[in-house]
Amino acid sequence: MSAKKAKLPEPAAIQPLSVDMRKLTRVGSRPGFFEYVGKLWAYRQFIFYDARARVQSGTRRDRLGSLWLLLNPIFNGLTYYLIFGVLLQTSKGIENFVGYLVVGIFLFQFSSGAITAGARSIRTGKAVVQAFNFPRAALPLGANIRELLSAVPLILGMLLIIVVFPPAETISWLWLLVIPAVFLQGIFNLGVGMILARVIARVHDVTHLLPFILRAWMYASAVFYSYERFITDPTLLQIMTLNPLFNVIDIVRKCVLYDTLPGWHSWTSLACVALGALVIGFFFFWKGEETYGRD
């Protein structure tokens, strides 16, 4: 008896499947601006706790630990005092030159450290950028929060020196204005750091120029000399008052050294420059979101 040949089933008819390509997004694409801000806000707790942990562990290997956050600007201030105050006599005509110098050095160190950390954040976090998908602005933002937390003992130490070292200043309610001044300074630092972070991510050579730029900025901010003594041209004086670092240093000096309420124009100038730097820096950084970690 011959076996009957098995009959193969007929193949099912191929049905076309429609796909709405409008709902697909390219992997690694830059989200919309407000969507990007929302994603960054979702990471806020991680950014803050990571920044705080890095501050606590930053000097753990040193015997003096976090005390170096205060000792570094003190040693810098002592160096500048000996060179400019004693040798070059830039202290002439400045009431309480020690306090004048301490305020300038401590506040400059805050801006210098924050801008440098923010500018290098993408390069130093390149491995994280290439391995994980998250808003890249979290890196310069975290770096600036870390520097802001580090500035708390810095500012307290600055005020302590002003109270202890002669001529000792008297604490007044004007000292509370240091808080908004430093906060606006931090906003400015973040904006500039985000601009430089994108630039350095593309052109790493800018990293080597950054220390020279910051040093020139310090010399132009009347950190250890009286600008009225060396600058007499009214146009140059007006330009100098637009310098945000000079502005914040001048505001704090008036509050804690000379018991004088800073004028509204100083606050307006500082607030406009700080908020402008933040808006421009954030938008500029967001535009380059797709390029980070690609090289």
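Take the conditions buried (at least 18 other Cβ atoms within 10 Å of the Cβ), at pLDDT below 85 and within 23 Å of Leu210 (Cα to Cα) and apply them to Leu154. Does it pass?
Details: buried (at least 18 other Cβ atoms within 10 Å of the Cβ): yes; at pLDDT below 85: yes; within 23 Å of Leu210 (Cα to Cα): yes.
So Leu154 passes the test.
Looking at Asp250, Asp259, Asp233, which one is farther than 21 Å from Ala143 by Cα, of a type in the set (D, E, K, R) and at pLDDT 90 or above?
It is Asp250.
Filter region 239-290 down to residues that are in contact with a helix residue (DSSP H, G or I) (Cβ under 7 Å, 6 or more places away or on another chain) and of a type in the set (S, T, N, Q) and give me whichever is farthest from Leu177 (Cα to Cα).
Looking at the filtered set, the residue picked out is Thr241.
Only one of His204, His208 is within 19 Å of the chain's Cα centre (by Cα), surrounded by fewer than 13 Cβ atoms within 10 Å (Cβ to Cβ), of a type outside the set (Asp, Glu) and assigned to a loop (DSSP other than H, G, I, E, B). Can you tell me which? Break it down stepwise before answering.
Values: His208 fails: assigned to a loop (DSSP other than H, G, I, E, B).
Exactly one residue qualifies, and that residue is His204.
Select from region 240-264 the residues that are of a type in the set (S, T, N, Q), farther than 18 Å from Thr170 by Cβ and assigned to a loop (DSSP other than H, G, I, E, B) and list them in ascending order.
First, pick out the residues of region 240-264 that are of a type in the set (S, T, N, Q): 241, 243, 247, 260.
From what is left, the residues that are farther than 18 Å from Thr170 by Cβ are 241, 243, 247.
Listed by number, the list holds a single entry, Asn243.
Can you give me the number of residues within region 109-136 that are under 12 Å from the mean Cα position of the chain (by Cα) and in contact (Cβ under 8 Å) with a residue 40 or more places away in the chain? If you could, list the steps in order and put the result at the bottom.
Taking region 109-136 as the starting set, the residues that turn out to be under 12 Å from the mean Cα position of the chain (by Cα) are 109-121.
Subset that is in contact (Cβ under 8 Å) with a residue 40 or more places away in the chain: 109-112, 114-121.
Going through region 109-136 one residue at a time, the tally reaches 12.
His208: within 23 Å of Arg294 (Cα to Cα) and free of Cβ contacts under 8 Å to residues at least 60 places away in the same chain, yes or no?
The answer is yes for His208.
Looking at (1) closer than 22 Å to Glu35 by Cβ; (2) at pLDDT 85 or above, which is the only condition Asn133 fails?
(2)
Here are the criteria: (1) assigned to a loop (DSSP other than H, G, I, E, B); (2) touching a Leu at 6+ places or on another chain (Cβ under 9 Å); (3) modelled with pLDDT under 85. Tell me which single one Ile171 does not satisfy.
So the condition that Ile171 fails would be (3).
Would you mind listing the helices (runs of 4 or more DSSP H) fully within region 24-89 where at least 1 residues are out of contact with any strand residue (DSSP E or B) (no Cβ under 7 Å at 6 or more places or on another chain), at pLDDT below 75 and over 23 Å from Leu107 (Cβ atoms)?
The helices (runs of 4 or more DSSP H) meeting that bar are 44-58.
What pairs can you find where one residue is in region 18-43 and on the phi > 0 side of the Ramachandran plot, the other is in a loop (DSSP other than H, G, I, E, B) and modelled with pLDDT of 60 or more, and their Cβ atoms are less than 8 Å apart, with a gap of 6+ or different chains?
Gly28/Asn133
The values are calculated or read from the model by the stated rules, or taken from the named source; none is laboratory data. Computed from a predicted model, the values in this text were never measured in an experiment. Cβ coordinates were reconstructed from backbone atoms using ideal geometry, including for glycine residues, and neighbour counts include every protein chain displayed.
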